[in-house]
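Read through the structure below, which is laid out as structure tokens, and then see the notes.
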Amino acid sequence: MNKRAYSNIVLAAALAAATTACNSSEGPAPQVAPAPPEPAQEAQPAPNAALEQATQDNMQAPFVLTLVTPTKVPDKAGTYTIEAQIKAPRELDAPTTIEIVIPKVAKLNKGQDREVLVNLPAGLTSRSFEVELIEPLSEAEPIKIRVDMRDPQGTFGAHAEKVYPEKKKVKKPGNSRVPKPPQGRPGG
């Protein structure tokens with residue numbers, strides 16, 4: 001029980017005793033001790049469930065772009081399929097452009113190089129592209145797939161881009177499982 005609740009109970013009991021004593025003629029009225037001062041607390045607004053949910057919804061990405069590609073980067077000429085998957089948690093009422101950029105070593109056999117959707121539906125939207133490689137792909141000249149969304153009134157927008165093949169991440173030398181040594185202590 002906190003101090004405030006305890007103080008309120010003591011004060012209520014004292015007031016009840018004083019009221020009872022005033023209504024009877026037996027003896028003097030009891031003395032009531034003043035309640036201890038309470039520390040000042042900042043007023044906090046009451047939580048609004050609808051506002052809280054809207055904030056959580058706004059914290060989500062409007063869509064997520066992933067690519068389904070051959071597991072191994074093609075090292076020879078040939079025809080390969082790449083699928084762009086766009087996952088949206090809810091329908092977005094804004095024009096959305098899906099675009100594929102092909103490097104000089106390839107050409108697009110099937111699929112549109114640029115498509116504009118009136119709006120992005122909720123759930124999974126996918127587009128397949130058949131790409132013919134004349135030479136092997138390289139990280140220097142990858143296939144790029146972009147998704148752009150722009151609200152006509154300019155209130156929001158989103159952009160995502162994936163490349164294939166992805167640039168390999170350079171691993172820093174050293175063992176990442178070994179903890180860093182402790183640093184010196186201030187004043188030590």
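Listing ILE102, ILE145, ILE82, ILE134 from fewest to most neighbouring C-beta atoms within 10 Å gives ILE134, ILE102, ILE82, ILE145.
If you bin all the Cα-Cα distances of the stretch 60-164 at 10 Å, starting from zero, the percentages per bin are 14, 46, 26, 12, 1.
Loop-located trypsin sites (Lys or Arg not before Pro) across the stretch 56-121 with a Cβ neighbour count of 15 or fewer within 10 Å are LYS72, LYS76, ARG90, LYS104, with loop assigned by DSSP. Taking amide H positions as modeled 1.01 Å from N, with prolines and chain starts lacking one, the residues under 5 Å from ARG90 and 5 or more places away or on another chain are GLY123.
A simple rule links phi to the HN-Hα coupling: the Karplus curve 6.51 cos²θ - 1.76 cosθ + 1.60 with θ = phi - 60°, which for the stretch 81-86 gives 10, 10, 10, 9, 10, 10 Hz, with x for Gly and Pro.
FYI, it's all coordinate maths here, none of it is from the lab. Remember, predicted model here, so these are calculated numbers, not experimental data. In this analysis, Cβ positions are derived from the backbone assuming ideal geometry, glycine residues included, and neighbour counts consider all displayed protein chains.
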